[in-house]
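Working notes, structure below.
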Amino acid sequence: MNRTPEPHAGWTFLTNHARVLIAIFEDHTIRVRDMAARCQLTERAVQKIIADLEEGGYLTHVRQGRSNVYRIAPDTSLRHPADVGATVADLLSLLAHQEAGHVTTLAAESHEGR
């Protein structure tokens, strides 16, 4: 799928960082190419976002063969001061398109570490 992202004018409700994080949450082995297509971003933009998320402690990855396997840090607090107390698990439980069981699992992981 070699689709060029369509330009978007104006504001949106979700940031590109949130879109990439949701894509990883829904498939922890997703390829950068597939994230880019899904989020309508360039592969380079997705790589930069992944680097930002890793630097911020929201995400880690390990190499398995030729693929990456991502792990989200569910207990990590959201960055904006207005979101004090909210975690990545809270955000993903609201926004992800997964079955409820997966969201519950992430939330349970979040509370186990406390």
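The values are calculated or read from the model by the stated rules, or taken from the named source; none is laboratory data. Bear in mind the structure is a predicted one, so any value in this text is a computation, not a measurement. Cβ atoms come from the backbone with ideal geometry, glycine included; neighbour counts cover every protein chain shown. Ligands, DNA and RNA are stripped out before the accessible areas are found, and what is left, the full protein with its side chains, is counted by its heavy atoms. Shrake-Rupley method; radii C 1.70, N 1.55, O 1.52, S 1.80 Å.
Key figures for this structure:
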item	result
Exclusive hit being open to solvent by 80 Å² or more (accessible area, probe 1.4 Å) and at negative phi, set 19, 79	79
Cβ-Cβ under 7 Å pairs, at least 6 apart or on other chains, the range 58-84 side closer than 13 Å to residue 28 by Cβ and in contact (Cβ under 8 Å) with a residue 24 or more places away in the chain, far side of a type in the set (Gly, Ala, Ser) and not in a strand (DSSP E or B)	59/73; 74/89; 74/110
Any hit, the range 44-52, residues being free of Cβ contacts under 8 Å to residues at least 12 places away in the same chain, of a type outside the set (Asp, Glu) and surrounded by fewer than 14 Cβ atoms within 10 Å (Cβ to Cβ)	yes
Members of the range 40-61 that are over 16 Å from residue 72 (Cβ atoms) and not polar (S, T, N, Q)	41, 43, 44, 45, 48
Residue tally, condition crowded, with 18+ Cβ neighbours inside 10 Å and within 9 Å of residue 69 (Cα to Cα), over the range 25-37	1
